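A short write-up of the structure that comes next.
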Amino acid sequence: MLSRKRPWTVMGSIRHVCHSWAQASSCGHWLGSGDKPLALTPPAPSCRDPAGHLEPSWVTNLICSFIHSPKGFPKLKNDTFLRAARGEETEHTPVWCMRQAGRYLPEFRETRAAQDFFATCRSPKLCCELTLQPLRRFPLDAAIIFSDILVVPQALGMEVVMVPGKGPTFTEPLKEVEDLLKLRQKVDVTAELGYVFQAITLTRHSLEGRVPLIGFSGAPWTLMSYMIEGGGSTTMAKAKSWLYRHPEASHRLLRLLADVVTDYLVGQVAAGAQALQLFESHAGHLGPEQFQDFALPYIRDISQAVKSKLKEEALPLVPMIIFAKDAHYALRDLARAGYEVVGLDWTIRPQEARAQTGKDVTLQGNLDPCALYAPKEKIGELVKKMLEGFGTQRYIANLGHGLYPDMNPEHVGAFVEAVHAHSRHINKHS
């Protein structure tokens, strides 16, 4: 029996077992957890020190996998977000914020200070902590796992680094059609993205049922544009040129991405995600015809394929959200693309969005993020007007995009509290 009085001996024993297992395994391993096996991925070379020993962080993640399995989660206490997503009646309008775990929070900056961005994304413990931070400050109705959409291109074999002052940068972006051969054509998402699944499972347990946990991915066109541009772009000219010059190759890449994203999202649900959001952040760079040809078909396919696989694997049929920024010209099609929720940016009026999407989907959004620079009283007025426009039912309050780094946390709190207060008042007097 391991002594409770000698923790370093305990850790050393566990580390020895983990090291022995890792040396013996070259293709991953299944560790039993009750009647549900838990998938663990073998350690990558980066998880070892110069002497070849496993780094403590990898050992910690393995131990967490023993302790936190994707089953036996705490009972959900606040299901307002999920009920709104499914079109059920709610006592108040649920609210969460895109990028709610972000640099506007001093505790976020402190946690991230000594860590590379993508190294943070690969740490389930840090992702869990960053996900929980805004929940400690604000009465939000949902959490969204801290991660990044560009982990998918990384899973395909591309190198992405975070350059200070520039943002995510691909060291070797796709330039010619032949470069597609450099990508992995079959991706084992458990092996390549298992750290995200571990973060979701750990966070789901750590939430203790307080609110639902949202998983997410970038949509194929948005991921493709990053992979070709090599980073952010104001025009997406390089990526869009592929659509005109290499339409067949573009479809091959988009299909590959759609297949990986599907498996990735299903894996997130298996790990404990209770809702999924697909970010088509670069939709606005496409015109209506290009969106119909190169974005919408894959958005539809992902929804259908995810739901089909969830059924096949007897996993929960969680609500799905599609957020296609600046694609207001496609709202009618998006409302019929198989998603329970359609996210909106701030460039469309609530009444117009309702008219285009109909009564069978929930809407999410769409306050201009810059409205949070206003005084708190003004934020309350804008929230009231937004709620009156959308109505309090079949609606999830959010911003039209993510929170900005220089925003005042107190104003974020004012936004959340105003949504709750005004929606309760409207419901009470309607």
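Annotations
- For the range 262-401, with +1 on Lys and Arg beta carbons and -1 on Asp and Glu, the positive-most of Gly267, Leu310, Pro369 along the dipole: Pro369
- Whole-number accessible area per residue in Å² for the range 67-140, which is evaluated in the context of all protein chains at 1.4 Å: 47
- J(HN,Hα) series, the range 194-201, from Karplus relation 6.51 cos²θ - 1.76 cosθ + 1.60, nearest Hz, glycine and proline x: x, 5, 5, 4, 4, 5, 5, 4
- Modelled spin labels at Glu110 and Tyr404, positioned 7 Å past Cα toward Cβ, are 2.6 nm from each other.
- C-alpha center-to-center spacing [the range 72-118, the range 245-268] in angstrom: 27
- Using the Karplus relation 6.51 cos²θ - 1.76 cosθ + 1.60 with θ = phi - 60°, the per-residue 3J(HN,Hα) values for the range 268-279 come to 5, 5, 4, 7, x, 5, 9, 7, 9, 10, 9, 9 Hz, with x marking Gly and Pro.
- Highest-first arrangement of 160-171, 76-87, 179-190, where packing means the average Cβ count within 10 Å: 76-87, 179-190, 160-171
- Taking amide H as placed 1.01 Å from N in the peptide plane, the amide H of Asn366 sits under 5 Å from that of Asn398, each at least 5 places away or on another chain.
- Label sites at Gln304 and Ala119, each approximated as a point 7 angstrom past Cα along Cα to Cβ, lie 4.4 nm apart.
- Ranked by the mean number of other Cβ atoms within 10 Å of their residues, highest first, the peptides 358-365, 279-286, 110-117, 245-252 come out as 279-286, 358-365, 245-252, 110-117.
- Neighbour cut-off at most 14 other Cβ (10 Å), DSSP loop, GluC sites (Glu not before Pro), the range 129-228: Glu159, Glu176, Glu208
- Derived scalar couplings ³J(HN,Hα) [the range 309-322; Karplus, 6.51 cos²θ - 1.76 cosθ + 1.60; whole Hz; x for Gly, Pro]: 5, 4, 5, 4, 9, 6, 9, x, 7, 6, x, 10, 10, 10
- Ligands, DNA and RNA left out, the accessible area of the range 120-227 computed with a 1.4 Å probe is 50% carbon and sulfur.
The values are calculated or read from the model by the stated rules, or taken from the named source; none is laboratory data. Everything numeric here is computed off the predicted structure, so don't read it as measured data. So basically every Cβ, Gly included, is an ideal-geometry build from the backbone, and we count neighbours across all protein chains shown. Calculation scope for accessible area: heavy atoms of the full protein, side chains included, ligands and nucleic acids excluded. Shrake-Rupley method; radii C 1.70, N 1.55, O 1.52, S 1.80 Å.
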